[in-house]
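No lab work stands behind these numbers, since they all come straight from the coordinates. Predicted model, so just to flag it, every value in this text is computed and none were measured. In this analysis, Cβ positions are derived from the backbone assuming ideal geometry, glycine residues included, and neighbour counts consider all displayed protein chains.
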């Protein structure tokens, strides 16, 4: 009997044989919005991502993954906001949070053409704003409305692998809300080491409890840790090993204790920590980008470093190959990945190095899917 898209993804995460190689282009914002015929403002404000991905994976007939957030409530925090029309198809969301330790403000801009971005982050003065932000960033796990997570899981069913996102790596956790972004977050980390050591311990405990609660209250079979800046393109291996790797390990241990799987999203360069990635406990890691965004060009080397313990998802170049290349170029890159991962394809998912761009020719998307299907028969390995 043939397997479902979700079953193929789970088999790959577990290192088990499937009926065919999972082909999972990262369709995130651009392609689903284009397929649904909506601009990016409408897409982000009105369309549930899990639902858009379901329609997109069905349309292309592929495997895939997506996520839904747990969203623990913060009862000591009240929020208010307004939308400002900036003209020329742009909007700005202005938000104020009131906490027992003071008020925080942030602004997010939305464009009809591009995904939204932060123009003002809530933590502006370290000593003043971090106490307030702590009320906002780790909510009450015991009061999560589990139906809001279980409903999408039920609706998606076997169409693709919908995961529950439990958090991000620690560097992202402290830099995402900080005015000045990652550079200022690193300065903070150096200047306030004792504060962050205590916060790190609290954050790891929080993610353990959240992971446990997700496993006990939903049918999610895989959990996700996200990544924005916590990668070697932006921070050193030493910083990543000290602050981020323990977060991954803790979540993996808790998920595995409940028979669930862990997916780590890890953009950018990663060769210097391949051994660490192999031992951190994640079952699947993506997207192992090629240059310039990443540093993975030797699939055989990557396979030798991680394949006994971790599934690779990714590596098809979204710009040079999918946007600028031809169907023949796409096929050659797919063949290179599969040839260098053989003889055993069980821990491989054919994916993309980032989300598929809006400008990607349909014939190149089709070439990736067709090549993966044709060349990736697991029974032939």
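How compact and how long is the chain, expressed as Rg and Dmax of its alpha-carbon atoms in Å?
In order Rg, Dmax, the Cα atoms of the chain give 20.6, 62 Å.
Measure nothing fancy, just the Cα-based angle from helix 5-14's long axis to the longest principal axis of the chain, in degrees from 0 to 90, nearest 10.
It is inclined by approximately 80 degrees.
Can you pull the three principal axis extents for the Cα set of segment 35-113, in Å, largest first?
Over segment 35-113, Cα extents along the principal axes are 50, 35, 13 Å.
So, R0 is 51 Å and r is the distance between the beta-carbons of residue 191 and residue 377; what FRET efficiency does that work out to, to 0.05?
After rounding, the FRET efficiency stands at 0.40.
Determine the gain in length on full extension of the stretch residue 324-residue 253; use 0.36 nm per residue of separation and subtract their C-alpha separation, reporting nm with one decimal.
21.4 nm
Relative to the longest principal axis of the chain, what angle (0 to 90°, nearest 10) does the C-alpha long axis of helix 49-60 take?
Helix 49-60 sits roughly 10 degrees off the main axis of the chain.
Helix 181-191 sits at what angle to the longest principal axis of the chain, using alpha carbons and giving 0 to 90 degrees rounded to 10?
Approximately 60 degrees, to the nearest ten.
In nm², what is the average projected area of the convex hull enclosing the Cα atoms of segment 238-324?
5.9
Stokes-Einstein D for segment 77-122 at 4 °C, 1.567 mPa s, Kirkwood Rh over Cα pairs, in µm²/s?
The calculation lands on 115 µm²/s.
Rounded to the nearest whole Å³, what is the per residue volume of the convex hull around the Cα atoms of segment 136-285?
118
Using only the alpha-carbon atoms of segment 42-171, report the extent along each of the three principal axes, biggest first, to the nearest angstrom.
Each principal axis gives a Cα extent; for segment 42-171 these are 50, 43, 26 Å.
If only Cα atoms are counted, what is the Rg of segment 300-381, and what is its Dmax, in Å?
Just the Cα atoms of segment 300-381 yield Rg and Dmax of 12.6, 36 Å.
Say each of residue 84 and residue 179 gets a label point 7 Å from the Cα, pointing the same way as Cα to Cβ; how far apart are those two points in nm?
1.5
Find the percent of Cα-Cα distances in segment 169-213 that exceed 15 Å, and round it to a whole number.
45
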